[in-house]
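These notes are about the structure you will find just below.
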Amino acid sequence: MLCAALVAAPLALPGPAAGEVPSADALYSNGPSGRYVLDGTWYRRTDPRDRGIQSGFQRARALAGWQAVTIPDAANAGDVSERSYLGGVHWYRKDFEAPAGAVTNWMLRFESVNYRATVWLNGRRLGRHTGGYLPFELEARGVRKGTNRLVVRVDSRRTEAAIPPLGVRDGGKYVGGWWNYAGILREVYLRRVDTFDFVNVHARPRLDCPTCDARIYVRAIVANMERVPARAEVSATVGGKRIRFPVTTIRARGFNLFRGSAGIPSPRLWSPEDPHLYTVELTVSLDGQVVQRYTQRTGIRSIERDENGRMLLNGRHLTLRGASLHEEDPVRGAALRPDDIRANFTLLRELGANMTRSHYPMHPLALELADRYGIVVWSEVPVYQMRDQLFRKAAVRRRAVQQVRDMVNRDRSHPSVIVWSLGNENTSKPGVGFTRYVTTAARLAKRLDPTRLVGLAFPGYPTVGKQSLYTKLDALGINDYFGWYDGPLGSIADRAGLAPYLQRLHDDYPRQALCVTEFGA
């Protein structure tokens, strides 16, 4: 959910006299050229008496006690109090100088902010965003020579209607999934844009049979950031083969979809045993000069189900074993560094895992590592433990569906992703609201990416019968806690009940791919 606004406000926060120049670097390979990570010193201040976005911004001038931090940052890391879990308001600011060189436009990219973000640049409000774990971008109007000041208000307070929601169980215990870490939890980039910008790139391989030649289809949406029409020349290479697109004049502040493909004879197929990747390189030129490049590594492989619901990768049965993970650290909370992410994947490899899962879309670097190491990903939106009544609210359904859209758009070129999961442990017996959400979200995921399975995960309770809604999905994840908890009516107290329950699920859903997505405690 993204909305932009242009509201001027005075800005005189305390800070250094000169800004830092951001590093010409990106922590992951896929994406456009011209990225600068806003690293170095940031400042953070907790606002214990928040009075709303605009009044709070005016008050921020007088706030004392700004603390130097680095981004990513979880403002409440290490604080396990109830107040911390319920969330609060934190202000961040960064003074920077624009990198040298002529440029037409700049974009600001936030990889993840939890939960609501409002962004100002040099006193001008650029826009707002709601929802964590997925990126958002804002046009950085007003970047100037000398010191620029970026201010971000982060509100981590969640309600029952948030995704994931905040709820209260019997006895007053708060629940809302995992810990509610507040802050700018992933990197922030300043992106250089000269006239044209690749706003969405998708590389989709097609493999009709395991021994067939393949074809990689490339789709690229290019934006004209100028207020006059401009002629865009787009070209691409895929595995060394060139794709040429028609030269197109894009209207002022408009977009154009470029489509093309390249055949790959005798392709080397991606699999956990041989995670081979092909590089897709795109360029867009103005008057014969390249103004932006885009790199995307992808793999050629097919994902299907057989008549018994078993997954087939490149026509062969796929046996998956692995571990789920949370992007958390005991000291830094959810603000992981690249070394932390690499360490997680080192642990997965040491386990011999060929699959992983998280309750939310993973960091872009994590997906690149999964591609590289041959670890398949059950990719899931944080639609977690939500009652059917919540899904009956149109606004809640829209937010949930938008997260599915953002997840698929961002990650559909990754060969490691094999399932788009629409949620986890929501209402056990789907009603009208949840059915509407699942039906809409599944249709959207299939339209955006027909090459993968669509599914969801649910708690494994024998007291819950067959659900017709689930027969319309490709994959189902069962969270198995037999022998750990009693469950409804003591139905999962005995571990010996697991095998007959799984057989019953296979009888109920004979064509669905069944995975045990959680077990233990």
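Every read-out reported here was derived from the displayed coordinates using simple, explicitly stated rules and does not represent laboratory data. What you see is a predicted model, and the numbers here were worked out from it, not measured in a lab. Note: ideal-geometry Cβ built from the backbone for every residue, glycine included; neighbour counts use all protein chains shown.
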- Which percent of Cα pairs goes in each bin when the distances of the range 391-435 are cut into 10 angstrom slices starting at zero? 23, 47, 26, 4
- Cα extents of the range 320-519 along the principal axes, largest first, in whole Å, come to 44, 40, 33
- Between the alpha-carbon centers of the range 223-237 and the range 127-163, tell me the distance in whole angstrom. 27 Å
- Item | Karplus-derived HN-Hα couplings along the range 36-41 (A = 6.51, B = -1.76, C = 1.60, θ = phi - 60°), whole Hz, x at Gly and Pro | 10, 7, 7, 9, x, 8
- Item | Computed E for TRP178/THR295 - FRET, C-beta separation, R0 25 angstrom, nearest 0.05 | 0.20
- Query: With labels modelled as points extended 7 Å from the Cα through the Cβ direction, what inter-label distance (nm, one decimal) is found for ALA493 paired with ARG372?
  - Reply: 5.0 nm
- To two decimal places, what compactness ratio does the range 288-404 give when its Cα radius of gyration is scaled by 2.2 N^0.38 Å? 1.34
- Task: Please report, in cubic angstrom per residue, the volume enclosed by the convex hull of the alpha-carbon atoms of the range 227-266.
- Result: 60 Å³
- Note on the structure: Zone reached by a paramagnetic label modelled 7 Å from ARG392 Cα along Cα→Cβ, restricted to the range 131-174 with backbone N below 18 Å, covers 160-162
- Against the 2.2 N^0.38 Å rule of thumb, the C-alpha Rg of the range 196-298 sits at a ratio of 1.19
- Spin-label point model (7 Å from Cα, Cβ direction): what's the VAL168 to ARG259 distance in nm? 5.3 nm
- Item | Principal axis dimensions, the range 459-519 - Cα atoms, whole angstrom, descending | 30, 19, 16
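Note the count of lysine pairs whose C-alpha atoms are less than 21 angstrom apart in the chain, limited to pairs 8 or more residues apart or on different chains.
5
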- Please work out the ratio of the alpha-carbon Rg of the chain to 2.2 N^0.38 Å and round it to two decimals. 1.00
